[in-house]
Amino acid sequence: MTFRKARLQDVDAIISLVQSRIDWMNDVGLHQWNETDYFGRYPRSYWEKNIDYFLVGEEEGRVVVAIALYTEDVRWTHDGEYTGTATGQAYYLHHLVTNPACKGAGKKMMLYVEQYAIEHQITLLRLDSAVGNLSLEKYYNALGYSACGTCHDKLYHGILREKNLSLNY
């Protein structure tokens, strides 16, 4: 798998991955993006506007995994006060999406993100995962992301998680 910064021409592929993952969630009875009005919250214009924050992974010339790396995140606030590290010291990971048929693509992307962060002098990775998704909780725990709080964003209820890369390298 090869990784790179996403380009505007990748928007259709990323949206297609998200739709495939939503269809998969419906098929397996998982309650997450498929029940939170995901494309209502993140329409095509969102992906186009934010494409510079995305990394993608390709196999055989097609995008099979994508993730966004932001330097700020409103979900990491308490009573409107920003509680994260100073801008530029953490990456906030969003929209990790893989082709359901590409087993292991998410883990490969997450390992790449760690290397990418270190190369950009970022030592803290933060993300959130849906409350009640036990398989995702186990997945992030296995990758070293510790639960450290909760968040609520409209229909979404999440668990805040972080990984300090300076402890691992």
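The values are calculated or read from the model by the stated rules, or taken from the named source; none is laboratory data. These numbers were taken from a predicted model, which means no experiment stands behind them. Positions of Cβ are backbone-derived with ideal geometry, glycine not excepted, and every protein chain shown enters the neighbour counts. Remember, those area values only see protein heavy atoms, side chains included, never the ligands or the DNA or RNA. Shrake-Rupley method; radii C 1.70, N 1.55, O 1.52, S 1.80 Å.
For the chain, the solvent-accessible area with a 1.4 angstrom probe is 54 square angstrom per residue.
Remark: relative contact order (segment 14-169) = 19 percent; criterion is Cα-Cα distance under 8 angstrom and separation of 6 or more residues. Computed over the chain, the per-residue total of -39500 (n - 2.57) for DSSP H runs of n ≥ 4 gives a 222 nm mean residue ellipticity of -9500 deg cm²/dmol, rounded to 500. In plain terms, the chain from Ile118 to Glu72 could stretch by 14.8 nm, reckoned as 0.36 nm per residue minus the Cα-Cα distance. A Förster radius of 35 Å combined with the Cβ-Cβ distance from Arg7 to Val131 puts the calculated FRET efficiency at roughly 0.55.
Mean-square fluctuations from a GNM of the chain, with a 10 angstrom spring cutoff on Cα atoms, peak among Gly40, Gly57, Gly158 at Gly40. Classification of segment 129-169 by its C-alpha gyration tensor yields an oblate form. The axis ratio a/c (a ≥ b ≥ c) is 1.5 or more, and b/c is at least a/b. Of all the options Val56, Val74, Val65, the one that moves most in a Gaussian network model of the chain with Cα springs shorter than 10 angstrom is Val74. Mean-square fluctuations from a GNM of the chain, with a 10 angstrom spring cutoff on Cα atoms, peak among Glu72, Glu58, Glu119 at Glu119. Per-residue extension of 0.36 nm, minus the Cα-Cα distance of Asn164 and Ser146, leaves a gain of 5.5 nm for this segment. DSSP bridge analysis restricted to the chain gives an antiparallel fraction near 90%, rounded to the nearest 5.
Subtracting the Cα-Cα distance of Asn50 and Gln89 from 0.36 nm times their residue separation leaves 12.1 nm of extension gain.
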